[in-house]
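**Q** Here it is, the structure, as C-alpha cells.
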Amino acid sequence: MKAKKKPVEKLSAVDLGIDLTPILETLKVTEPPQRVGGGKVENVDELVTKLKEAGITAV
C-alpha cells in the first residue's frame with residue numbers, strides 16, 4: 001500500500017526537452033459538398049438503364 005502514498009512527480013514539456021511548437025499550419029477549412037439523394041428502382045431493367053445513363057456499367 002506504499003504506492004498510494006508515494007507522490008507523483010509532475011514534469012513539464014520543458015523538463016523533458018520536448019518542443020511543443022506546432023508543425024502543421026491550417027490554410028483553409030471548408031464544408032464538404034452537399035450529397036445528392038439516392039433513388040429507388042422497381043426492377044433490374046430500370047437499374048441497368050439508370051447505370052447506363054450515368055456511365056457506370058462495364059462493357
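**Q** Please count how many residues of the stretch 1-11 are of a type in the set (A, V, I, L, M, F, W, C) and not in a loop (DSSP other than H, G, I, E, B).
**A** 1
**Q** I need the full set of residues from the stretch 23-50 which are under 18 Å from the mean Cα position of the chain (by Cα) and basic (Lys, Arg), in order please.
**A** Across the stretch 23-50, the qualifying residues are 28, 35.
**Q** Return the pairs, sorted by first residue and then second, in which the second residue is modelled with pLDDT of 90 or more and in a loop (DSSP other than H, G, I, E, B), the first residue lies in the stretch 6-17 and is exposed (fewer than 10 other Cβ atoms within 10 Å of the Cβ), the beta carbons are less than 7 Å apart, and the residues are 6+ apart or on different chains.
**A** So the pair list comes out as 13/20.
**Q** Looking only at the stretch 12-46, which residues are part of a loop (DSSP other than H, G, I, E, B) and within 24 Å of residue 57 (Cα to Cα)?
**A** 35, 36, 37, 38, 39, 40, 41, 42, 43
The values are calculated or read from the model by the stated rules, or taken from the named source; none is laboratory data. Keep in mind it's a predicted model, so treat the numbers as computed, not measured. When we count neighbours, we look across all protein chains shown, and the Cβ atoms used for this are built from the backbone with ideal geometry, even at glycine.
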